[in-house]
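Notes follow once the structure below has been shown.
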Amino acid sequence: MNCQLSLVSLIEKPIDNDSLSMFLEQYRPLVDEVITVSFTSELSLSDALNRGLEQASGIWILRLDPDEEIADEEKYKIQMLVNRMDQESFHVPCTRHQADPYDVPFELRLFRNRDHYRYQGSTVVRLPLELEKMATLTDLKLIRKEEQEPNTPPLILEGLKRESDSMSTDPFYSFHLSAWLAKSGAMEEAESIWRQLILRSQLPKRYDALVYKWRSRHLHEKGQQAEALDCLAEGLKKHSRYIDLHFLKAKILFRKAEYEAAREIFGHCIRMNSQPGEYAEEPGIGDYQAWFALANVSEETGDIQEAIRHYEKAYEANRRFTKPLYRIAHLVHRHRGGHEIQDVLEKWLSPNNGEHLQLLGDIFYAEGLYRKAQEYSEKACHQFPQRDETIFLLANCHLMNGDPENAVFYLTKIPEQSSLYLSALRRACQASWTLEDWLQAEEYLVRMEKRDPSESAALYRSIHQVLSGGNGELPAWSLPNYQPMEHASEIVTCFLFLKKDQLVDRLVPLLEQHSRFYSSVGKLFYLHKRFGLADHFLTLALKHHGASEELVALLAESKREQKRDHEAATLLQSCLGKTVFSAPNYLHYSAILIEWAREAAALGKRRYPADEKMKDFYNRVKELPH
C-alpha cells in the first residue's frame with residue numbers, strides 16, 4: 001500500500017459527467033486516490049463494491065457515493081480519524097433529508113483496507129460482523145441528499161418475508177433485513193426478527209440498542225404500552241447511556257398521563273446530553289426535543305407559563321426548529337387572545353424580515369386567524385414575489401377568507417416543476433368545489449392524476465364524484481404509510497369553516513365507508529360545533545376501535561354541549577374504571593358526575609337518571625353533603 005486514504009464511490013444510479021466530476025473534485029484534496037465503480041445488472045452491489053476495494057491501495061477506505069455529502073466544516077475530521085493508530089474502523093452518523101423511524105442512523109464508512117474486509121450479501125449488503133464490533137462512533141456526519149426511497153415492490157417484499165421466515169444465522173444480516181421490512185410496512189415480520197435478536201443477544205451494542213428502540217416503538221404504536229415499557233426496561237439495563245430509550249420511555253409515560261414520571265425522565269435526557277455519548281442518538285433528543293417534550297408536560301398539567309418558558313428554550317436551542325413558536329402562539333391565543341400573539345413572537349421574529357413574515361403568516365394560519373395570516377403573507381409576497389411557499393400560503397388565506405376565485409388565481413401561478421405543484425392542484429380542486437364549479441375541479445383532478453396517479457388522487461376522485469352528484473366509493477388503500485385522513489381533514493376543515501354545509505352533508509356517506517376516518521372526523525366536527533355529526537362518528541370510532549380515554553371524553557363533552565347530560569353521564573359511568581382513565585381525569589370526570597347528581601337532587605328529580613346502573617350511583621352521590 002503506497003497511500004493513506006482511498007475514496008471508493010459506487011455509481012448506483014445514472015448521473016451526468018458534470019455532476020460526477022463536481023462530486024469527486026470536492027473530495028480530491030482530502031484523499032490520495034479516487035476509485036469509482038458502477039453497479040450493473042451483471043454485478044451485485046457487494047461484487048461492485050468489492051471491485052473498488054480490490055483496486056484501492058490506501059491504508060484506509062472511505063466509502064462515499066455521489067448522492068451523499070459531508071459538510072465542508074466537517075471534512076477536516078477525516079484526516080484526524082485516519083491518523084488514529086489505535087482504531088480499525090469508524091461508524092459515521094447518517095441522516096436523510098426525509099428520515100424514516102427505522103433508518104439505521106450510522107454506517108461503517110471508514111475502515112482499514114485489509115484483504116478479509118469485504119462486502120457480503122445481495123439483498124442486504126454488509127461488512128463482516130467482526131469489523132462492525134470494532135467500530136468507534138465518530139461525530140463526522142454524512143447526509144444523504146436523495147429523497148426517501150419508495151415502498152418496496154410487492155414481489156421483493158414477499159421475498160424478504162420468506163427470508164425472514166428462514167432467518168439467516170448471521171445476526172447482522174437479520175438486523176438489516178428487519179429494518180428493510182419495517183420501512184416496507186411488514187411490521188409483524190420485522191417484530192418477529194427483533195424478538196429473536198433480543199433473545200440471541202449477538203449484535204454489537206449500537207445495533208442491539210436500536211433493536212430495543214424499534215421493538216418498543218412498534219409495541220407503543222400498536223397500543224401495547226405495558227409490553228413496550230417492559231422492553232424498554234430490559235433495554236435500559238444493557239444500554240443505560242442511550243438517550244433514545246429514555247426519551248421513548250418518557251413519551252409512553254406521557255401518553256399514559258404519568259406526567260411527573262415523564263417530566264423527570266425528559267429532564268434526565270437534557271442532563272445526559274451534556275456528556276459524550278457512545279450511541280447515535282436521534283438529533284436533538286437530549287436538547288431541543290427534550291425541552292419541547294417538557295413543555296408538552298407543563299401544558300398538560302396546566303402550568304401555561306412554564307410551558308411557554310420551556311417552548312422558548314426549545315426554540316433557542318435550535319432556531320430551525322419552529323414548532324415551539326406555533327405552540328407558544330396557540331397558548332397565547334387560547335389564554336390571552338389572538339391580538340397578543342404578535343407582541344409575544346416579536347422577541348424572535350421581526351416584521352421587517354421576509355423569512356419571519358412568512359413564518360408569522362404560517363403561525364397565524366395554523367391558529368385559524370386567516371385574515372391576520374393573509375396580512376403577513378401579502379407582505380412576504382412583496383419581498384419574495386416568486387417564492388412558491390409564499391404564493392401557496394397567500395392562496396390558502398384567500399380560500400379560507402371566502403375568496404376562492406383569488407385562491408385559484410394564485411394557485412395557478414405555481415409551476416409544474418415546483419415541489420408544491422401537486423399540493424396546489426389539490427387546493428385548487430377544493431376551491432373549485434366550494435364554487436361548485438365541477439368542470440374546473442375536473443380539470444385540476446385530471447392534472448393531479450396525471451402528475452401523481454397515487455392513492456391520494458383516487459381519494460380526490462371519489463370525493464369529486466360524490467360532491468358533483470354521482471356515487472363514489474373509497475379506494476382500497478394498499479400502501480401501509482398512506483394516511484388518507486391528512487387529505488380528507490383539509491377538505492372537511494375547509495368546508496366547515498366556510499359553512500358549506502351542503503357539501504359536508506354530501507361527504508358524510510363517503511366518510512362512513514372507512515374506519516380510518518371515524519375518530520379524526522369526529523374530532524373535526526366537535527371542534528366546529530357540529531355536535532350531531534361528532535356524536536355519530538365518535539360512536540362509530542368507539543365501536544370499531546374500542547374505547548379510549550380521549551374518545552370517551554370527547555363524546556361525553558359533545559353530548560353535554562347538546563344538553564344531553566343523562567347520556568353523557570351514562571357513558572362516563574360505564575367507562576370509569578374500564579377504559580383506563582388517568583388519575584387526574586378520573587377525578588375530573590367523577591366530579592362531573594357528582595355535579596350532575598347534585599343538580600338532579602336539587603331539582604327534586606328523585607328518579608333521575610332512570611336506568612338501574614345510574615340509580616345506584618345517584619343514591620351514593622345523594623348522601624354527599626350539599
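The values are calculated or read from the model by the stated rules, or taken from the named source; none is laboratory data. As the structure is a computational prediction, the values presented were derived from the model and not from experiment. Here the Cβ positions follow ideal geometry from the backbone for every residue, glycine too, while neighbour counts run over all protein chains shown. Surface areas here come from the heavy atoms of the whole protein model, side chains and all, with no ligands, DNA or RNA. Shrake-Rupley method; radii C 1.70, N 1.55, O 1.52, S 1.80 Å.
The distance linking the range 56-135 with the range 407-432 is 42 Å (Cα centroid to Cα centroid, whole angstrom). Counting protein heavy atoms only, the range 363-481 has 48 percent of its accessible area on carbon and sulfur, 1.4 angstrom probe.
Here the range 195-236 and the range 524-547 have alpha carbon centers that stand 35 Å from each other. Spherically averaged projected area of the convex hull of Cα atoms, the range 214-255: 2.5 nm².
Solvent-accessible surface of the range 406-471, taken per residue with a 1.4 Å probe and all protein chains present: 45 Å². A Förster radius of 56 Å combined with the Cβ-Cβ distance from residue 563 to residue 316 puts the calculated FRET efficiency at roughly 0.75. Rolling a 1.4 Å probe across the protein heavy atoms gives the range 1-41 an accessible surface of 61 Å² per residue.
For the peptides 533-542, 34-43, the ranking by mean Cβ contacts within 10 Å, running from highest to lowest, is 533-542, 34-43.
Counting protein heavy atoms only, the range 5-65 has 46 percent of its accessible area on carbon and sulfur, 1.4 angstrom probe. Highest mean packing first, where packing is the average number of other Cβ atoms within 10 Å per residue, the peptides 494-503, 226-235 line up as 226-235, 494-503.
Percent of Cα-Cα pairs more than 19 Å apart in the range 412-473, please. Summing the P(r) of the range 412-473 above 19 Å gives 23 percent of all pairs.
Using the 1.4 Å probe convention, the accessible area of the range 310-363 works out to 50 Å² per residue with neighbouring protein chains retained.
Charges were assigned to the Cβ only: +1 to each Lys and Arg, -1 to each Asp and Glu. The resulting dipole of the range 365-405 about its Cα centre is roughly 140 debye. A simple packing score, the average count of other Cβ atoms within 10 Å per residue, orders the peptides 387-394, 121-128 as 387-394, 121-128, with the highest score first.
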